[in-house]
Structure formats: C-alpha cells, structure tokens
Amino acid sequence: MGATSLPALASSSPSPSAASSLDRQFLTAAHQGNLWEITTSQQAQSAATTDCVKRVGADFIRDHRVLDAGVAKTATQLGVALPSGQTSAQLRQTAALKSLADKPSYDAAWLKAQYPAHVQTLALIDKEIASGTNPLVKSLAKSARPVVARHTQMVNHGVCHA
C-alpha cells in the first residue's frame, strides 16, 4: 500500500517543465556568477593589497555561498542541471586578475571587474522578477536582489566601500 502512494507524492512536487527557459537561464547564470564571485573573492583574500578589498571580498564569499546554496536547492527541486564550473569568459577574467596578484594594480582591477558583474547580475535578477514564471525561482531572485544591490554599492564604479 505504501508503494502506491509514492507516485502521488512524486507528482505533487514541481516537474522540471515547471521552470521556463528564462527560469533555467537565470539559475544557470546565477550559479556561474556565484562560482566566479566566490573564486575571485577568495583570490582577493591573498592577492589584494588593501584591507578594504579584502573585507569586501570576505563579505562576497560569505554572501555568494549562501546565494548559491539557494540556487542549487531550487535547481534540484526543479530538476535543472547546473554547470559544474564558470564560463570560459569568467575563467579568462579570473586568470587575468590572478596575474596581477600582489601588485598595486590588483585591487583596482578586482573592483573594476566586480562592479559590472554585479550590475549585470542585477539586470538578470530584475528580468527574472519581471518575466520569470516559476514562483520558486522568482522568490530566489527577489531574495538575492538586496544582497547584490548592496554588493554593487560596495564596489561602486570601481571604488571600494567596505
């Protein structure tokens, strides 16, 4: 008798088709963005020359780990497979930053990379909030928005604000 109730339980959870193409794109881009933020912010912990960039980087690591946990949980619930790593463009940018490690130019380059990344993420979040169809993904975007907006201010136009 218990086995017959399992299909009913399984069908009550959202199916993978419950996520639109936009919802899937958002989850994928958010995940890859979080991976990039965590990686470059970890790098900044040892490569930055100013305390401000190190403090901001530490905040980014903490916050993007939390955000990515939400992305991963939502993707799993919806049956959306997430990529295992960053995009090739993100990997190139990470390598370019790493080449500046321990140089005075590192901090400015890190800040100048972070600002547009967060601006683009805000645009992605706003698009999901406005046009996404899955309530779980839209809720995720809404909860991420104030965090990403705060981060944008912390690196506003390439100037560090811890």
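The values are calculated or read from the model by the stated rules, or taken from the named source; none is laboratory data. Nothing here was measured: the structure is a model prediction, and the numbers come from that model. Here the Cβ positions follow ideal geometry from the backbone for every residue, glycine too, while neighbour counts run over all protein chains shown. Keep in mind that these areas ignore ligands, DNA and RNA; they rest on the heavy atoms of the full protein, side chains included. Shrake-Rupley method; radii C 1.70, N 1.55, O 1.52, S 1.80 Å.
Tell me the carbon and sulfur percent of the accessible area for the chain, rounded to whole percent, probe radius 1.4 Å.
Carbon with sulfur: 61 percent of the solvent-accessible area.
How large is the accessible surface per residue of the chain, computed with a 1.4 Å probe and reported in Å² as a whole number?
51 Å²
Which of the lysines could a cross-linker bridge to Lys54, judged by Cα under 29 Å and excluding same-chain residues fewer than eight apart?
Straight-distance partners of Lys54: Lys73, Lys98, Lys103, Lys112, Lys142.
How large is the helix-only mean residue ellipticity at 222 nm for the chain, computed as the sum of -39500 (n - 2.57) over DSSP H runs with n ≥ 4, divided by its residue count, in deg cm²/dmol to the nearest 500?
The helix contribution divided over the chain gives -26500 deg cm²/dmol.
At 0.36 nm per residue, minus the direct Cα-Cα distance, what do Thr133 and Gln42 gain on full extension? Give it in nm, one decimal, please.
Here the segment from Thr133 to Gln42 would lengthen by 29.4 nm.
Once you list every other residue whose beta carbon is under 14 Å from the beta carbon of Arg62, what net charge do they have if Lys and Arg are +1 and Asp and Glu are -1?
0
Take every Cα pair under 8 Å in the chain that's 6+ residues apart, average their separations, divide by the length, and report that relative contact order as a whole percent.
Relative contact order, the chain: 32 percent.
Please list, in order along segment 150-160, the HN-Hα scalar couplings obtained from phi with the Karplus expression 6.51 cos²θ - 1.76 cosθ + 1.60 (θ = phi - 60°), rounded to whole Hz, x for Gly and Pro.
Listing the rounded values in order: 5, 4, 4, 5, 5, 10, 3, 6, x, 10, 7 Hz.
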